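Any read-out appearing in this document is the output of simple, stated calculations on the displayed coordinates, not a laboratory observation. On a predicted model such as this, the values are computed, not experimentally measured, just so you know. Cβ: placed from backbone, ideal geometry, glycine included. Neighbour counts: every protein chain shown.
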Ligand code: AMP
């Protein structure tokens, strides 16, 4: 099967749908770079006095210009993004961000997105998933206390470094984020469907089957 090369993807879905789990699989299978705007922002937020920390902890959105500049800077400083492609995770969050990307002369011309993966999941399952989530901050790898536990409790499988529970992974913040997702991010489904780029994946079947479904869908294109 002839794959698109480079391969430029967007992955989106409600919080807790498993984007952070699936992206490393995409990196490994296709050699592409995982660009998580949330991870990039959390690194910035770790700098003392950063205003971004307050926005993230409250579940709000960082402004579009900051996000676009951050993505452009990341792509420009990572030659593999040009050579192999990337998967954008956490961006776009809104129709406005999707349009800003498509209207950006650099991004739209040099890095047009090929396919957009929507991870679909029942809303009730989300709370259980997200409240047990654990992440390795440096790499963005994510685990779950019961559904996808690390080999050693609270320890990253690959580096042996500690895992953390994110400050925004609590029920109150999640409910706020879910409502924001429905209002702001869910309309991307129609936007990318009209562009003929949307791939819908049902993630209720578990991590491994979801991975295979994504690979099959991409290889069938
Ligand atoms: P995530 O790890 O994708 O859930 O992102 C964590 C937080 O980072 C979000 O709740 C937002 O505060 C912020 N963030 C990440 N991506 C974006 C984006 N594309 N636009 C605005 N804010 C973002």
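General observations
- Residue among 156, 63, 89 with the largest mean-square fluctuation in a Gaussian network model of the chain, springs linking Cα atoms under 10 Å: 63
- Note on the chain: GNM, Cα springs under 10 Å; of 118, 88, 174, the largest mean-square fluctuation is that of 174.
- Rounded if a/c under 1.5, otherwise prolate or oblate - the range 111-187, Cα gyration tensor axes: oblate
- Taken over the Cα atoms of the range 66-113, the convex hull encloses 70 Å³ per residue.
- Reducing the range 31-69 and the range 131-170 to their Cα centroids gives an inter-centroid distance of 19 Å.
- Ranking of 125, 113 by count of other Cβ atoms within 10 Å, fewest first: 125, 113
- Relative contact order, percent, the chain [alpha-carbon distance under 8 Å, six or more residues apart]: 31 percent
- In terms of other Cβ atoms within 10 Å, 102, 64, 122 run from fewest to most in the order 122, 102, 64.
- DSSP beta bridges fully contained in the chain are about 25 percent antiparallel.
- Rg(Cα)/(2.2 N^0.38 Å) for the chain, N = residue count: 0.97
- Evaluated at q = 0.19, 0.20, 0.24 Å⁻¹: base-10 log I(q)/I(0), Debye formula over Cα of the range 106-155: -0.77, -0.80, -0.91
- The overall shape of the range 158-206 is oblate: from the C-alpha gyration tensor, with semi-axes ordered a ≥ b ≥ c, the ratio a/c is 1.5 or greater and a/b is no larger than b/c.
- Order by protection proxy (mean Cβ within 10 Å, highest first), peptides 200-213, 129-142: 129-142, 200-213
- GNM result for the chain, Cα springs below 10 Å: residue of 105, 149, 162 fluctuating most strongly: 105
- Going by neighbour counts of Cβ atoms within 10 Å, the residues 154, 70 line up, fewest first, as 154, 70.
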